[in-house]
Amino acid sequence: MKLTWLGHSGFRLEIDDQVLLIDPWLDGNPMFPEARREEVVSGATAILLTHGHGDHSGSTLSISKAQNLPIYGIYDLISYWEESEGIQGVGFNKGGTVMAGDVAITMVNAVHSSSLGGENGPIYAGAEAGFMIQGEGRTIYVSGDTDVTADMGIWNDLHAPEIGILCAGGWFTMDMKRAAYAAKTFFNFKTVIPCHYKTFPILEQSADALIEGLPGVDVIEPEVMEVIHL
């Protein structure tokens, strides 16, 4: 299993027979080296989108159309794009599980907001979500943008994820301390990878508080476009 951070909340996940692009915001992402775009999209099989905000969905349509990739995400937004943009989508909702090849993807709740930019203000984009991704005998929790929720304890009972990819930059989502609290209170992660940080000055720039709050857990601070072997 290979995981590559694309900056902000974007990841390329190679798992079982799939190469999944998660929230692949490339265009305009100050952390992403545009010259390496082809490495990201090469061999990709599907896109997973947690919600509509531009720092997550910004490159989704362009990649989907250029590479002919299906987009997995909340039903409302995906069905809208299927009609308006002609993309291939897999729209589902919280609590639902769908398959991408041999990989099972369950949509779980997140506490945030979700919209697309419009000429006259934000446009409704369904709801925000996270994912439990199961493959190669393991489960990864992708939090999407969220605060701590008590629901997390239920998801651990149901899915027992070993790996957590957690938003942790603060201001718009939980910060490093809150992410550490969520991980140690509700989950039994072996590995935690922070995201949604460093991108802008307003966000946290260091994962030190997450590392300090999770003794005994392998907290990996990702580097953009460096492969993490899990």
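The values are calculated or read from the model by the stated rules, or taken from the named source; none is laboratory data. Given the structure is predicted, the values throughout are model-derived calculations rather than measurements. Cβ: placed from backbone, ideal geometry, glycine included. Neighbour counts: every protein chain shown. In case anyone asks, the SASA skips ligands and DNA or RNA and just uses the protein heavy atoms, side chains included. Shrake-Rupley method; radii C 1.70, N 1.55, O 1.52, S 1.80 Å.
For this structure, a couple of remarks:
- Residue check for SER9: in contact with a strand residue (DSSP E or B) (Cβ under 9 Å, 6 or more places away or on another chain), closer than 21 Å to SER115 by Cβ, hydroxyl-bearing (Ser, Thr, Tyr) and touching a residue at least 60 places away in the same chain (Cβ under 8 Å): yes
- Of all residues in region 118-172, those satisfying the criterion of being charged (D, E, K, R) and either touching a residue at least 40 places away in the same chain (Cβ under 8 Å) or in contact with an Asp or Glu (Cβ under 7 Å, 6 or more places away or on another chain) (or both) are GLU128, GLU136, ARG138, ASP145, ASP151.
- The residues in region 94-141 that are within 28 Å of LEU230 (Cα to Cα) and part of a loop (DSSP other than H, G, I, E, B) can be counted, and the count is 10.
- Test result for MET225, open to solvent by less than 80 Å² (accessible area, probe 1.4 Å), under 25 Å from LEU26 (Cα atoms) and touching a helix residue (DSSP H, G or I) at 6+ places or on another chain (Cβ under 6 Å): yes
- Some residue of region 191-212 being touching a Gly at 6+ places or on another chain (Cβ under 6 Å), among the charged types (D, E, K, R) and under 26 Å from ASN29 (Cβ atoms): yes
- Of all residues making up region 7-57, the number that are part of a loop (DSSP other than H, G, I, E, B) and closer than 18 Å to MET225 by Cβ: 16
- Here region 177-191 is the region considered, the condition is being within 13 Å of ILE140 (Cβ to Cβ) and in a loop (DSSP other than H, G, I, E, B), and the residue that is most open to solvent (accessible area, probe 1.4 Å) is LYS190.
- Subset of region 99-141 that is over 21 Å from PHE186 (Cβ atoms) and among the charged types (D, E, K, R) - its residue that is least open to solvent (accessible area, probe 1.4 Å): GLU136
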